[in-house]
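What follows is one structure encoded as structure tokens, with my remarks underneath.
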Amino acid sequence: MPKPTPSPSTHAFAACEAEFNSGGGRSGRFYSLPKLAEQFPNVKRLPVSLRIVLESVLRNCDGKKVTPEHVAELANWSPTGKRDTEIPFVVARVVLQDFTGVPLLADLAAMRNVAAAAGKNPKAIEPLVPVDLVVDHSVMIDHYGTKNALDLNMKLEFQRNQERYEFMKWGMQAFDTFGVVPPGFGIVHQVNLEYLARGVHKTATGKVYYPDSLVGTDSHTTMINGIGVVGWGVGGIEAEAGMLGQPVYFLTPDVVGFELSGQLREGVTATDLVLTVTELLRKEKVVGKFVEFFGAGTASLSVPDRATIGNMAPEYGATMGFFPVDEKTIEYFKGTGRTKAEIEAFEAYFRAQGLFGVAMPGELDYSQVVKLDLGSVVPSLAGPKRPQDRIEITNLSSKFAELFSLPVPANGFNQPAELLHKRYTTPSGLDIGNGDVLIAAITSCTNTSNPSVLLAAGLLAKKAVEAGLKVKPHIKTSLAPGSRIVTEYLTKAGLLPYLEKLGFTLAAYGCTTCIGNAGDLAPEINEAITANNLVSAAVLSGNRNFEARIHPNLKANFLASPPLVVAYAIAGNVMVDLMTQPVGKGKKGRDIYLGDIWPTSDEIHALMRYAMNPKAFRENYEQVAEKPGKLWKKIEGVKGQVYDWPKSSYIAQPPFFEQFAQEPSFTHAGVTGARVMALFGDSITTDHISPAGSIKETSPAGQYLKSLGVLKADFNSYGSRRGNHEVMMRGTFANVRIKNLMIPPGADGSREEGGVTLYQPSGEKKFIYDAAMAYIAAGVPTVIFGGEEYGTGSSRDWAAKGTQLLGIKAVIARSFERIHRSNLVGMGVLPLQFKGTESWETLGLKGDETIDVIIDGELAPQRDAKLVITRADGTTQTTTLILRIDTPIEVDYYKHGGILPFVLRQLLAA
């Protein structure tokens, strides 16, 4: 049940409770921001996103976790004020995807084991807000290009993940507020947008209304910002605390106002817009800030376009990319089948709060304003390694040629220029070369939320087929929509058969290629790539293209709109300049250009009526409970309130509560006599840190699974095994593309890739996991050094959990990504930041040093700490770091050994 709101008699701002007409002659109560503005006039000028957070702080002001001072502080927010105060934000609900949801459920189950062992009622461990887990990350593209690909892929998914799904079924019966959307319905963000989001909620008594808000265990939870819902991605660690009654704490943010003006030109898609926004906001350095869109251009955007921009907030670094509620939002709720009463209450509530409508320039106060004329946006892709590296389509072929021979630090591939156009023939006669598109995928949450680009892809496919164009059969093509509704409207519009003729048959409903679930390439293609060191390509309608994420052998990965994915699949190589060269040869050998097959906005608009069918949405989501599918119905979980941990290579009792005591054992912060586990450069992502993708047979995780008798064919992915810490800790820092710069370069200056280190003091090269176990056995702590943007990417709690289990006590970097920094603290690992221009490079570290981190006096947020370096020759050097424990509550978390022991102690003491 939702957390009860304090009664007016005990509420510090009881005078702010008011009544409003909730529609249909009904009335409701709410905590009125206009009334609060009578005490704090500044409220009227606050950004809309901050006012929604303020409503939660106001409504939950109980004088304990949320105090009147918290309300006053946020109500008096200054656009350029000092950011040293934390906000306790009580969210309405929590959303999980299955990769992050399973380990979270395992932690809850382990907490119940502790409660039962202490003689407490296991039900003391129970989510206090509704929790929905959407199973969308487990399906892989093993089969493609055939009519039965979806059926075959889902059957394999259930075979591989039966133990995980049985565990989920246990959770459904053990926890009252834990629900599951089974496999095959769509991507968590799309399901959230179309189905889970309700606009407004009511308290258990049904008397007080409040706006929808949430955190989710996926970075791209921010897609929900497109319908005016405040929400963002957190690690499973933080989400767990939020579920169990803790407010989500964050520093009072800057709010960047983003003014959109004008309108998109003919032929420009929402994807082109979002890649432009991502590039622009990355340059503006909006990490950790709210971004709020306003202006006439914002008001003109459809909700799917807004959701596409909101989805990419992690890529431009913001906490959120927020769009206010307006007429377009109401229109979307009607089109997706919400009830009349829900919609009336939703609109009436936001109007009563003064929160309805997109602001125009000058109406609200922002920390800074960024502007974009929609008319300046041009067709683009992003890559080959990062989503913020936008390339205009005109420049892609020349950019690829340039990057081919540039050194790796310059984002290049370090290949001899004379090999750029060399072709190779496989034993079966396949012609393979650099720049070849080997994976073309309409995938992920970014663009499968948007009917305009899906219909555009279908129309382009129709024109291509009619012109006689084809896709080479060795290119791995797939269509994995974010919702079953997509297939319905593509079918009704008569476009699905044309996509199928080009190989884009329905392969899955889930997050596939974008998270490394593309499945493998044919063995002879893999052999040709590795034997000739080819720089091959993937083109996908996704939001992430970090190194080794899409496929370990594909080095160039480009994000693009769905119609461009189809176009490049036909062209077959990213060095084809689609603006000047033919896409391919059509009937009678005629050259067909992109302009010949690109759909017009009028053609797309004419088919949009198929995309917003309220009846279709209602009938689809009624099946979640009534007809979840035969495969899901067959799954049976164990019963009972306490999990008994049956033997499994997928689910294991996590070790985070071993030797748990009701009182914490903290004595002092700091690290003494530590060895360096790794020296990393800039942009080390959670893909590099956290186990992701396929499991190599020769890796520590692969060897462990083999020792259990698991066949290589049944390894599945790291993501599917996140419920087993033994697998995950062995896969931490094991990415095939990660470079530990303490390993000396080769004769040609190249760096070794893969999760290895030099064990000290012997200097022996070992897998990081093996070295970590040796250090732990010897009682030696370890530290990691990193560069800028350490931990950017997906909100993977295992990036922090694995770090902790490997015995790493501190991570010292130039800067941190928001979620990963928080997760490190949440696992009891110290994040520390260099000051000014200092780095491990400027300090001349080699990796054979001994490290001390000294924190004198009381542990306090963002205070100074000393870094003492003792070199191999015995000389020492001292410098000052910033302790990136950012808030007072994080101090408490760290002293308790992490957020989970902190929350568990509170629950067991109640």
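We did not get these values from a lab; they are worked out from the coordinates using the rules stated. Quick caveat: nothing in here was measured; it's all calculated off a predicted structure. All Cβ positions, glycine included, derive from the backbone under ideal geometry; neighbour counts span all protein chains shown.
Please state the shape class of region 602-730: rounded when a/c is under 1.5, otherwise prolate if a/b exceeds b/c and oblate if not, all from the C-alpha gyration tensor. Judged from the Cα gyration tensor, region 602-730 comes out prolate (a/c at least 1.5, a/b above b/c). Using a 7 Å offset from Cα along Cα-Cβ at Ser762, what residues in region 694-710 end up with backbone N under 19 Å from the label point? Of the residues in region 694-710, 700 have backbone N under 19 Å from the label point off Ser762. Put a plus charge on the Cβ of each Lys and Arg, a minus charge on the Cβ of each Asp and Glu, and nothing anywhere else: the dipole of the chain about its Cα centre is then about 1480 debye. Relative contact order for the chain: 13 percent, from Cα pairs under 8 Å spaced at least 6 residues apart, divided by residue count.
Each of Arg549, Arg675 was scored by other Cβ atoms within 10 Å of its Cβ. Listed from fewest to most, they are Arg675, Arg549.
Only one residue of Gly231, Phe158, Pro183 has its Cα farthest out toward the positive end of the dipole of region 1-252, where Lys and Arg carry +1 and Asp and Glu -1 on Cβ, and that residue is Gly231. The phi-based Karplus calculation (6.51 cos²θ - 1.76 cosθ + 1.60; θ = phi - 60°) puts the 3J(HN,Hα) values of region 176-189 at 5, 10, 10, x, 10, 9, x, x, x, 9, x, 7, 3, 6 Hz, whole numbers, x for Gly and Pro.
Mind running the shape call on region 44-159? Use the C-alpha gyration tensor, a ≥ b ≥ c as the square roots of the eigenvalues: rounded below 1.5 for a/c, prolate if a/b tops b/c, oblate otherwise. Because a/c hits 1.5 or more and a/b fails to exceed b/c, region 44-159 counts as oblate. Under 5 Å from the amide H of Thr672 lie the amide H atoms of Val853, each residue being 5 or more positions distant or on a separate chain, with H modelled from the backbone and absent for Pro and chain starts.
Beta-bridge orientation, the chain: approximately 45 percent antiparallel, per DSSP, counting only bridges with both partners inside.
Packing, taken as the mean count of other beta carbons within 10 Å per residue, orders the peptides 303-313, 162-172 from highest to lowest as 303-313, 162-172. Amide H to amide H distances under 5 Å link Tyr249 with Phe89, where only residues 5 or more positions off or on other chains count and H is placed in the peptide plane.
Across region 502-516, rounded Karplus estimates of 3J(HN,Hα) from the backbone phi angles (6.51 cos²θ - 1.76 cosθ + 1.60, θ = phi - 60°) give 8, x, 8, 7, 5, 10, 5, 10, x, 7, 10, 4, 4, 10, x Hz, Gly and Pro being marked x.
Only helical runs count toward this figure. For the chain, summing -39,500 (n - 2.57) over DSSP H runs of n ≥ 4 and dividing by all residues gives -9500 deg cm²/dmol at 222 nm. If you wrap the Cα atoms of region 661-727 in a convex hull and average its projected area over all directions, you get 8.0 nm². Only one item in [x] 158; [y] 204; [z] 248 matches volume of the Cα convex hull per residue in Å³ derived from the coordinates shown, and that item is [x]. Annotation: lysines with alpha-carbon distance below 16 angstrom to Lys399 (same-chain offsets under eight excluded): Lys385, Lys555. Shape class for region 655-909, computed from the alpha carbon gyration tensor (a ≥ b ≥ c): oblate, with a/c not under 1.5 and a/b at or below b/c.
Computed over the Cα atoms of region 222-329, the ratio of the radius of gyration to the Kirkwood radius (Rg/Rh) comes to 1.00. Within straight-line reach of Lys422, meaning a Cα separation under 13 Å, sit the following aspartates and glutamates at least 8 residues removed in sequence or on another chain: Asp431, Asp436. Couplings 3J(HN,Hα) of region 739-745, computed from phi: 10, 7, 6, 7, 7, x, x Hz, in residue order, whole Hz [Karplus 6.51 cos²θ - 1.76 cosθ + 1.60, θ = phi - 60°; x for Gly and Pro]. Close amide-amide hydrogen proximity is noted between Val370 and Gly257, Phe258, Glu259, each under 5 Å apart and 5 or more residues distant or on a separate chain (H modeled in the peptide plane; Pro and chain starts excluded). For region 34-79, the dipole from Cβ point charges (+1 on Lys and Arg, -1 on Asp and Glu) about the Cα centre works out to 120 debye, to the nearest 20.
Of all aspartates and glutamates in the structure, those lying under 15 Å Cα to Cα from Lys846, and not within fewer than 8 positions of it along the same chain, are Glu764, Asp873.
When you work out D = kT/(6 pi eta Rh) for region 609-661 at 4 °C and 1.567 mPa s, using the Kirkwood radius from C-alpha pairs as Rh and the Stokes-Einstein form, the result is 83 µm²/s. Rg and Dmax over the alpha-carbon atoms of region 283-363 stand at 13.9, 44 Å.
With semi-axes defined as the square roots of five times the eigenvalues of the C-alpha gyration tensor, the equivalent ellipsoid of region 545-603 measures 26, 15, 9 Å, largest first. Using the membrane-span-like helix rule (whole DSSP H runs, Cα extent along the own axis of at least 30 Å, mean Kyte-Doolittle hydropathy at least 1.0), which helices of the chain qualify? Span-like helices, by this rule, are absent here. Most tightly packed first, judged by the mean number of other beta-carbon atoms within 10 Å of their residues, the peptides 762-772, 507-517, 232-242 read 507-517, 232-242, 762-772. When each of the peptides 63-75, 346-358 is scored by the mean number of other C-beta atoms lying within 10 Å of its residues, the order from highest to lowest reads 346-358, 63-75. Across region 1-252, counting alpha-carbon atoms alone, Rg and Dmax equal 20.4, 65 Å. Candidates Thr880, Ala117, Leu58 compared by Cα position along the dipole of the chain: farthest toward the positive end lies Ala117, with charges placed on Cβ.
The calculated pair-distance distribution of region 403-511 uses every alpha carbon pair, bins of 10 angstrom beginning at 0, and gives 13, 34, 26, 22, 5 percent.
Over all other residues within a Cβ to Cβ distance under 12 Å of Ser302, the charged ones net out to -2, with Lys and Arg as +1 and Asp and Glu as -1. Per residue, the convex hull spanned by the alpha carbons of region 793-910 comes to 125 Å³. For region 1-252, a crude dipole built from +1 on the beta carbon of Lys and Arg and -1 on the beta carbon of Asp and Glu, taken about the Cα centre, is about 640 debye to the nearest 20.
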